[in-house]
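Here the structure is laid out as structure tokens; the discussion comes afterwards.
The values are calculated or read from the model by the stated rules, or taken from the named source; none is laboratory data. No experiment lies behind these values; they were computed from the predicted model shown. Glycine gets a Cβ as well: all are built from the backbone with ideal geometry, and neighbour counts include every protein chain shown. Each accessible area value is taken on the protein alone, full model and side chains, heavy atoms only, with ligands, DNA and RNA left out. Shrake-Rupley method; radii C 1.70, N 1.55, O 1.52, S 1.80 Å.
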Amino acid sequence: MLEGCTPFPAELAERYVREGIWRDETIPQAIAKAALEHPDSIVVSDSTRSLTYSQLIAEAGSIATLLSRNGIDSNDRIIIQLPNCVEFATLTIACLEIGAIPVMALPAFRKAELEYLISFSDAKAIAIAPEHRGFDHAALARDLNIRLILSTSPAAGCVSMREHGVSSRSIGSSTSDDPFEVALFLLSGGTTGLPKLIPRTHADYLYNARESGAATGLTHESRILIALPAEHNFPLACPGLLGALLTGAHTVFTQSSKAADLANVIERERITHLPCVPALAIALLDLPQSLRASLASLRVITVGGQRLQEPTARAFQRAFPHLIVQQVLGMAEGLLCYTPLDAPGEIAFMTQGRPLSPADEIRIVDPDDTDSAPGAIGELWCRGPYTIRGYFRAPDRNREAFTDDGFYRTGDLVRLDPSGNLVVEGRIKDLINRGGEKINAEEIEAHLIAHPAVSSAAVVAMPDAILGEKACAYLSLHHGETFALAAMREFLAARGVAQFKWPERIEIVGELPLTNVGKIRKAELRRDIAEKLAAELGSLASRAVAL
Ligand code: OOB
């Protein structure tokens, strides 16, 4: 296996192959095979164009040639930082065809994140849209230490993916590729320090996508809307783009996450499947009555990334009685749990589902690493045919995050419902889950401490009605210093930190509360900010009444 990655034990790998869980095919081979069945069906589109399977395959083949001509080879890493568009699909397939390894970054990333990813993954290239949401990605990319910039349209210093020649490499042709090797890197949300790279193999990721397709009822007649950033595991392969490409379903990419825009696309494209985070479900719920009918074609809305609150689920079902509300508890590291499509309300609304594969193993564990009492809350551990055995080049982190016998410690607190479904009750990992986007507390604390006014920093989650959580920074300052929200934003922007990670509130304290061993008492800070917000809301409400 690729250097820096942890292979599955040989006897398990043999078992997965024997049982047909892992197949002897690469992702491009599987897509090329599916394409043969419906060559003229439209399979991907965005707001500018649509491609049939044969066009998709041809364009991916041309980009594969373009990559090779520009010196990209097997095992070279390419940062993919594209907004949702057709090129995301064609480029990803092209990379996989030549054995180059896509590193799935987010369009929201800025200099700090990209520099780290490039150096940590030894990336040779980055793929961008020259401009997205008013930001000059081409200028940022030119400023990075990287050999090749690929772009969705011509821009100075970039090689345009549109300018490929006619010579096209055929997709799914390289039979020498190993299906049990690393295909791509996803990014980890829930870990200490900086994000880790998650190596996913062809065989495990195909299984992940194929079984997710079955769990969500995807067929070649389905149309799935990708509104979440396509680089995330959820829209990419749960079942997402990859699941759709394997079944012949049509993937529609959109770059807007505004509810009214989504309603329009759903109606125009007769979308049947929508992967979404709770914040998006809430936004759809808030659509004016006149737009609600636009969702008539939707069959399944799969909600995950963050806990869907039961009242939201029920309200959604009441507002859109014709569709199935499904929950998914997933993670880029692997394990996926889905509620069954025919689950009664109390399961679909109140649990986060059951493991996707009969070969998944889960444990719910107390802090002393022994099994929790049946039905009690404990940390979720998992291992199975599509859960990684280790992060890329992270031996220290791997010793903490994986047990000796290969279980991944998810950091999620769950309990097993008597129905056999899991319920997420909290977490022990130090992150903020902002509308499904994960913010690493330690990563932001390190930036804040670099400011000359700040002596110590603790970033914690504060409750938010729509996003679920937002980041709040507790800071203690050096004597006589001040530090306000505007100054912090300016500072983090200058350091090139993605905006969604910026804390949205600062609490200045004399000293941060510490345990006996000198650890910051974050639970106390979370309680403190939740109480403050509740009190502020209360006083706002009473002032409104007084008015
Ligand atoms: C998905 O993947 P990641 O890697 O961004 O985040 C994983 C973490 C989980 O460990 C858990 O803490 C949280 O996100 N999470 C949920 C959840 N789904 C994910 N917490 C409560 N309820 C849920 N339904 O977020 C992801 C990957 C694939 C499919 C769906 C989500």
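Just a few scattered comments:
- Taking each residue as 0.36 nm, the span from Glu3 to Ala319 lengthens on full extension beyond its C-alpha to C-alpha distance by 108.7 nm.
- Relative to the dominant Cα principal axis of the chain, helix 86-98 is inclined by about 70°.
- Here each label is just a point 7 Å from Cα along the line to Cβ, and for Glu481 and Arg142 those points are 3.5 nm apart.
- Centre separation in Å (Cα based) which lies between region 157-219 and region 247-282: 22 Å
- Charge sum, other residues only, whose C-beta stays under 12 Å from Asn398's C-beta, Lys/Arg counted +1 and Asp/Glu -1: +2
- Taken as Cα centroids, region 31-89 and region 481-524 sit 42 Å apart, rounded to the nearest whole angstrom.
- Protein heavy-atom accessible surface, 1.4 Å probe, per residue over the chain: 41 Å².
- Peptide ranges 228-240, 270-282, 430-442 listed from the most packed, as the mean C-beta count within 10 angstrom indicates: 228-240, 270-282, 430-442
- Measuring against 26 Å, Cα to Cα, the residue pairs Lys111/Lys532; Lys111/Lys438; Lys258/Lys470; Lys429/Lys532; Lys111/Lys519; Lys258/Lys522 contain Lys111/Lys532; Lys111/Lys519; Lys258/Lys522 as the ones spanning a longer distance.
- Hydrodynamic radius (Kirkwood) for region 168-223, which is based on Cα pairs only, to one decimal in Å: 14.0 Å
- Region 1-143: equivalent-ellipsoid semi-axes (sqrt of 5 x gyration tensor eigenvalues, Cα, Å): 28, 23, 13
- Unit charges at the beta carbon, dipole of the chain: most positive-side option, Ile101, Ala319, Ser170: Ala319
- Global size of region 79-179: 13.7, 43 Å for Rg and Dmax (C-alpha atoms, Rg to one decimal, Dmax whole).
- Length-normalised contact order of region 101-207 in % [C-alpha pairs under 8 Å, at least 6 apart]: 23 percent
- Distant-in-sequence amide contacts of Asn84, defined by a placed amide H-H separation under 5 Å and a gap of 5 or more residues or a different chain, comprise Ala230.
- Net length gained if the chain between Val509 and Ser160 were fully extended (0.36 nm per residue, minus Cα distance): 120.6 nm
- Scalar couplings 3J(HN,Hα) for region 197-213, obtained by applying the Karplus form with A = 6.51, B = -1.76, C = 1.60 to θ = phi - 60°, are 9, 10, x, 10, 8, 4, 5, 6, 6, 5, 4, 3, 6, 5, 5, 5, x Hz; x denotes Gly and Pro.
- Ranking Leu448, Leu477, Gly435 by how far each Cα lies toward the positive end of the dipole of region 431-546 (charges on Cβ) leaves Gly435 at the top.
- Carbon and sulfur %, accessible surface of the chain computed with the full protein complex present, 1.4 Å: 53 percent
- Alpha-carbon Debye profile of region 431-546, log10 I(q)/I(0) at 0.19 Å⁻¹: -1.04
- Within region 122-151, backbone nitrogen closer than 17 Å to the virtual label 7 Å beyond the Cα of Lys258 toward Cβ: 132-135
- About its Cα centre, the dipole of region 1-100 is roughly 100 debye, where the only charges are +1 on Lys and Arg Cβ and -1 on Asp and Glu Cβ.
- Annotation for Arg521 and Ser119: the two label points, set 7 Å from Cα along the Cα-Cβ direction, are 3.7 nm apart.
- Cut-off 18 Å, label 7 Å out along Cα→Cβ of Leu341, residues of region 272-295 by amide N: 272-276
- Approximate spin-label separation Arg49-Asp366, in nm, with each point projected 7 Å along Cα-to-Cβ: 6.1 nm
- Each residue of region 112-123 was assigned a 3J(HN,Hα) from its phi angle through the Karplus expression (A = 6.51, B = -1.76, C = 1.60, θ = phi - 60°), giving 4, 5, 5, 4, 4, 5, 4, 6, 5, 9, 6, 5 Hz with x at Gly and Pro.
- Where N is the number of residues in the chain, Cα Rg divided by 2.2 N^0.38 Å: 0.96
- Were the residues from Arg133 through Ser170 laid out at 0.36 nm apart, the gain over their Cα-Cα distance would be 9.9 nm.
- Surface calculation, 1.4 Å probe, protein heavy atoms: Glu425 sits at approximately 80 Å² accessible.
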